[in-house]
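Colleague: Below: one structure in structure tokens.
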Protein chains: 2
Amino acid sequence: VPLAGKICVSIAATGDVSLLKEQADRAFSLGADFAEIRFDFVSPNRMQAAIDAVRGIRSKAVFTLRSKDQGGKFAGSEQERIEWLKKLAEQKPMLLDVELDTIKENDELADFLEKTPILVSWHDFQQTPPSDELAEILSEMRIYSNYVKVVTTAKSVEDSLRLLELYERTTGLHPVIFAMGDAGIVSRILCTIVGNAPFTYTSLEKAVAPGQLTVKQMRKLYDRIASRT
Amino acid sequence: VPLAGKICVSIAATGDVSLLKEQADRAFSLGADFAEIRFDFVSPNRMQAAIDAVRGIRSKAVFTLRSKDQGGKFAGSEQERIEWLKKLAEQKPMLLDVELDTIKENDELADFLEKTPILVSWHDFQQTPPSDELAEILSEMRIYSNYVKVVTTAKSVEDSLRLLELYERTTGLHPVIFAMGDAGIVSRILCTIVGNAPFTYTSLEKAVAPGQLTVKQMRKLYDRIASRT
């Protein structure tokens, strides 16, 4: 079996939202398998236009409306964010990204999303906590979905290697686990190769998050690996 | 075909040379396939003892007596180094590491090593030169051996990715190409996976060169990759 890692391109919806689909299509033509649309970069009054713009690619898309305390940019209130999350869910994207804290603290949202395929996410922008703590977070996430995303910050390559070992503790899950920062690049590349991440995140051109490779760089690496297996 | 990267452990022969074989055996038991013995760490009056100590593992060994201007530690004169290189060659190790400059500048040594399997090496401790320059160096190396080693210093992960692309320009060679430094770790791991390096270098415990992973860390990664292919 060729070891063919899948690639998701993260698109920060800044500027003209009518160009969102063109950006995603360009990423697909460069070798991305999926696109994450970061709706939190859209100003609230352009949200509906952005949703309309990406309707055609929603079956290959992760929709994300990241909260500020998890590193996002959404300018509206938390109540507005919850309402938009529901509207995003109604679009039936491949996956809707919802932070663990958001879903834990909003029973009504959890109920609303019962039938939506969600990617439960958790971020640490300071460090990579001990593996036992991360395993604990993963088991909390399991309650809500089999698709889980844990992103930490690597201070050394050892942090990356430790995250790659964490995949051994994710039976039954589709986990996307990697670290941000330069020392995290190893985990971004190997999460689909050493780990069984369903995809890794990349950028279209400029990195949206620290340490992100471009879709072109990652595609090249993964194609070479696939051709050798 | 499982993608099974091979691992060479680099052993700096410091301290009691009679322990060299024990160190190599420990590395083999931890999953190393080959051992590089860095004879340049040995004081000249202990060289013969060091050679005797590793006789039993020479068929799995790379013998290296690195010159000072290529980052080595040998304390004797250049003429002494050349004489020891010949004695190391007579041991018939799996590979004898000889710097490109050394062999270029010593026709007599080049003649002497005609029948010795050598690994022609070149290092840059400052940067990763443009790929065309590196390709030029590779074609100079080809004259002396199919086993070639090009090691640069990565200032960014882009340097690592560029080196991995250089493998596409090595037809007919067994190239070991990677970068030192934290940003080079990606290339140390992937040189046998994305590239076709016959092996990657690791340390037994503490890193001998900047960015080196331990044999244990690398073995774990490679075993996981092999089990997934």
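The values are calculated or read from the model by the stated rules, or taken from the named source; none is laboratory data. Please read all numbers here as calculations on a predicted model, not as lab measurements. As a convention, Cβ positions derive from the backbone with ideal geometry for all residues, glycine included, and neighbour counts pool all protein chains shown. The area values use the complete protein model at the heavy-atom level, side chains included, leaving out ligands, DNA and RNA. Shrake-Rupley method; radii C 1.70, N 1.55, O 1.52, S 1.80 Å.
Colleague: Over chain A, what relative contact order in percent results from Cα pairs under 8 Å that are six or more residues apart?
Modeller: On the way: 451 pairs, mean separation 48.5, N = 229.
Rounded, it is 21 percent for chain A.
Colleague: If you don't mind, there's one more thing I want to ask. Which of the three applies to region B:33-162, rounded, prolate or oblate, going by the alpha-carbon gyration tensor with a ≥ b ≥ c and a/c under 1.5 meaning rounded? Please report the intermediate quantities before stating the final value.
Modeller: Values: a/c = 1.74, a/b = 1.58, b/c = 1.10.
Because a/c hits 1.5 or more and a/b exceeds b/c, region B:33-162 counts as prolate.
Colleague: Follow-up. If A:S227, B:S121, A:S77 are ordered by their accessible area, calculated over protein heavy atoms with a 1.4 Å probe, which sequence runs from highest to lowest? Each step should come with its number before you reach the end.
Modeller: Details: A:S227 85, B:S121 0, A:S77 55 Å².
Descending order: A:S227, A:S77, B:S121.
Colleague: While we're on this one: Roughly how big is the B-A contact, given as buried accessible area in Å² (both sides, 1.4 Å probe, nearest 100)?
Modeller: Using a 1.4 Å probe on protein heavy atoms, the buried area is about 2400 Å².
Colleague: Placing a label point 7 Å from Cα toward Cβ, how far apart in nm is B:E136 from its equivalents in the other copies, listed shortest first to one decimal?
Modeller: Between copies, matching label points for B:E136 lie 5.8 nm apart.
Colleague: Apply the Karplus curve 6.51 cos²θ - 1.76 cosθ + 1.60, θ = phi - 60°, to the phi angles in region B:63-69 and return the couplings in whole Hz, x for Gly and Pro.
Modeller: For region B:63-69, the Karplus-derived couplings read 9, 10, 10, 5, 6, 5, 6 Hz, x marking Gly and Pro.
Colleague: Given the whole protein assembly as supplied and a 1.4 Å probe, what does the accessible area of B:S10 come to in Å², nearest 10?
Modeller: Rounded to the nearest 10, the figure is 10 Å².
Colleague: Just need the relative contact order of region B:88-134 here, percent rounded to a whole number, with Cα pairs under 8 Å and 6+ apart.
Modeller: About 42 percent, as a whole number.
Colleague: Only residues of region A:34-67 count here: report those whose backbone N is under 19 Å from the spot 7 Å along Cα→Cβ of A:Q79, or say none.
Modeller: A:44-45, A:67
Colleague: Let me ask something else about it. Could you put B:D97, A:D124, B:D52 in order of accessible surface area, largest first, with the 1.4 Å probe and the full protein assembly present?
Modeller: B:D52, A:D124, B:D97
Colleague: Taking amide hydrogens as modeled 1.01 Å from N in the peptide plane, which residues meet the under 5 Å criterion relative to A:A179, leaving out close sequence neighbours?
Modeller: Result for A:A179 returns A:T152, A:S187, A:R188.
Colleague: Distance in whole Å from the B-onto-A rotation axis to the closest C-beta of chain B, together with the residue it belongs to, please.
Modeller: B:T229, 2
Colleague: Which percent of the accessible heavy-atom area of region A:130-214 goes to carbon and sulfur, probe 1.4 angstrom?
Modeller: The computed percentage sits at 49.
Colleague: Any idea of the accessible area per residue across region A:65-207, 1.4 Å probe, to the nearest Å²?
Modeller: So region A:65-207 comes to 41 Å² accessible per residue, rounded to a whole number.
Colleague: Just give the residues from region A:210-229 buried by at least 40 square angstrom of accessible area in the all-chains context relative to the isolated chain, probe 1.4 Å, and say none if nothing qualifies.
Modeller: Buried-area filter returns A:Q217, A:K220, A:L221, A:R224, A:I225, A:R228, A:T229.
Colleague: Just to verify a number: FRET efficiency for B:Q91 and B:S156, C-beta to C-beta distance, R0 = 35 Å, to 0.05?
Modeller: With a Förster radius of 35 Å, E is 0.30.
Colleague: Given a 1.4 Å probe and every protein chain left where it sits, what share in percent of the accessible area of region B:4-62 is carbon and sulfur?
Modeller: The value for region B:4-62 is 49 percent carbon and sulfur by accessible area.
Colleague: Right, next: Per-residue HN-Hα couplings for region A:25-31, Karplus 6.51 cos²θ - 1.76 cosθ + 1.60 at θ = phi - 60°, whole Hz, x for Gly and Pro?
Modeller: 4, 5, 4, 4, 5, 7, x
Colleague: Using protein chains only (no ligands, no nucleic acids) and a 1.4 Å probe, work out which residues of region A:132-160 have their accessible area cut by at least 40 Å² relative to the chain alone.
Modeller: Residues meeting the cut-off: A:V157.
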